[in-house]
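The values are calculated or read from the model by the stated rules, or taken from the named source; none is laboratory data. The shown structure was predicted, so the numbers you read here are calculated from the model rather than taken from an experiment. Cβ coordinates were reconstructed from backbone atoms using ideal geometry, including for glycine residues, and neighbour counts include every protein chain displayed.
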Amino acid sequence: MLKKDKNKKINHLKVSIIIPCRNEERYIAKCLDSIIKQDFPKNKLEVLVVDGMSSDKTLQILKKYDEHLLSVKILKNPKKITPCAFNIGIKYSKADFILIMGAHSVYKKDYISKCIKYLNQYKVDNVGGISIAIPGNKGLLANSIAIVLAHPFGVGNAYYRIGVKEPKYVDTVWGGCFNRKLFEENGLFDEELIRNQDDEFNLRLIKNGGKILLFPDIISYYYSRESLGKFCKMFFQYSYYKPLTVRKIGGLLTWRQIVPSLFISALGVSLLLSFFIDAAFWLFFSTIGLYLVIDLFFSMMISLKKKKLKLLPFLAISFIALHFSYGIGYLKGILDFIVFNGKVKGRANDLPLTR
C-alpha cells in the first residue's frame, strides 16, 4: 500500500521547469500556453527553455513570452543534445524542485500542482504521469501512428504510454519531477547518452534505492510524428542507444525492449540458413507470416473499435515501422557499443534534440 503524508503543503515551494528545445516553431507556443494556464502559483515557477541553437522561428516565438510569463528564461545549449539541455537547466536552477517537460507536448492545467503534490505526499524520488499521443496532423497515417504509440502491441508495457488505472511503481516515467537535492546525491544526466538518458538516470536512481511512481491523473498530450520517415527515425534512435545504456547500468532495463531485436534476429538467421537448410526456409516464412497475422488482427480490432476501417492498412504499416526500426536500431547499437565497444563522439550531428 502506498503511504503518503497528508500534511505536506506545496504553496511555498519553488519549481524550475526545464524544457529542452530545438527547432520547435510548430509546438513551443502550445507548450508554453499550457504552462501559463497551470493552476500552480506563477510566482513560484521558473521556466527554463534550453535551446539547442534553433535555426527556425523558435527563438522569435520564445522572446514574445516575456510579456505573459515573466519567469521564462532562454538558455543556450551549444552541444544541441537533450542530456546537455537537462544538465544546463539543472545547474542554472535554484528552485526546490526540478520538473522536466517536453516542447512537443501540452499539459493539463493541474499537471505541475499534482506532480509537486504527489512528490511531497508520497515517499518517492520521481513522479510522472501518462503521456497521451495525439496526431501530428489530421491524416490517417498520423492518426495511426498516435494510436500505435498507445497500444500494447506497439509499445508493450510502457505504462506511461498505455496508461494505468491506479498509481504504480515503474522503471521510468515521461519527463519526471524531482527534488533538486536528488541530483546532488545521484549526479546529473549522462551526456554520452544522446537518447535514453532519462532511462539511465531512473535506473541509476532505482539502483541507489530510489522509487519512481506513475500517476494516472497526471496527464500530458504528446504530438506524435506525422510521417513514417520521422517515426522510424525516432524509434531507430531510441533503440540504438539502449545497448549503450545497458552497458552503463550493467544489465537489461526491461525485457520489452529486446523483443523487436530478437524478432529481427530470428528472421535474419532463418533467412540466412534457408540457403543451406530447407527447414529454415519454412521457419522464416512461418515466423513472418505469424507476425503479419497478429499485426492485421490488432489493426482490424482497433479499426472496428474506432469504427474507421480506413485506418486498417495505416495501422498495420505503422506497427511494422515501429517494430522493425526499433529492432534494427537495437541490433546496430549492440554491434557499435557492445561488440565493437564504440564511442558516441560524432554520432549526434543529425539528431533533433526534442522528442
Unique residue being on the phi > 0 side of the Ramachandran plot, in contact with a strand residue (DSSP E or B) (Cβ under 8 Å, 6 or more places away or on another chain) and modelled with pLDDT of 90 or more when the list is GLY210, GLY187, GLY176, GLY163: GLY176
Unique match (being modelled with pLDDT of 95 or more and closer than 29 Å to GLU185 by Cβ) among GLY89, GLY52: GLY89
Selection count, the range 150-184, where residues are assigned to a loop (DSSP other than H, G, I, E, B), aliphatic (A, V, I, L, M) and more than 25 Å from ALA85 (Cα to Cα): 2
Selection within the range 146-179 - touching a Ser or Thr at 6+ places or on another chain (Cβ under 7 Å) and more than 21 Å from THR245 (Cα to Cα): ALA146, VAL148, LEU149
Count of residues meeting criterion [surrounded by fewer than 18 Cβ atoms within 10 Å (Cβ to Cβ) and either touching a Ser or Thr at 6+ places or on another chain (Cβ under 9 Å) or part of a helix (DSSP H, G or I) (or both)] in the range 299-311: 7
Top-ranked residue of the range 81-91 - restricted to ones that are in contact with a strand residue (DSSP E or B) (Cβ under 6 Å, 6 or more places away or on another chain) and not hydrophobic (A, V, I, L, M, F, W, C), ranked as surrounded by the fewest Cβ atoms within 10 Å (Cβ to Cβ): GLY89
Qualifying residue in the range 225-239 (condition: part of a strand (DSSP E or B) and aromatic (Phe, Trp, Tyr)): no
Residue under evaluation PHE215, criteria (1) in a helix (DSSP H, G or I); (2) surrounded by 18 or more Cβ atoms within 10 Å (Cβ to Cβ); (3) within 17 Å of the chain's Cα centre (by Cα), criterion not met: (1)
One residue from ALA103, ALA158 being among the small types (Gly, Ala, Ser), surrounded by fewer than 21 Cβ atoms within 10 Å (Cβ to Cβ) and in contact (Cβ under 8 Å) with a residue 40 or more places away in the chain: ALA158
Qualifying residue in the range 314-327 (condition: closer than 17 Å to ALA150 by Cα and at pLDDT below 90): no
Boolean, SER239 is exposed (fewer than 15 other Cβ atoms within 10 Å of the Cβ), out of contact with any His (no Cβ under 9 Å at 6 or more places or on another chain), among the polar types (S, T, N, Q) and at pLDDT 90 or above: no
Residue satisfying all of: in the range 96-113; more than 20 Å from the chain's Cα centre (by Cα) and of a type outside the set (Ser, Thr, Tyr); farthest from TYR223 (Cα to Cα) among these: ASP96
Some residue of the range 270-290 being within 24 Å of TYR159 (Cα to Cα) and surrounded by fewer than 14 Cβ atoms within 10 Å (Cβ to Cβ): no
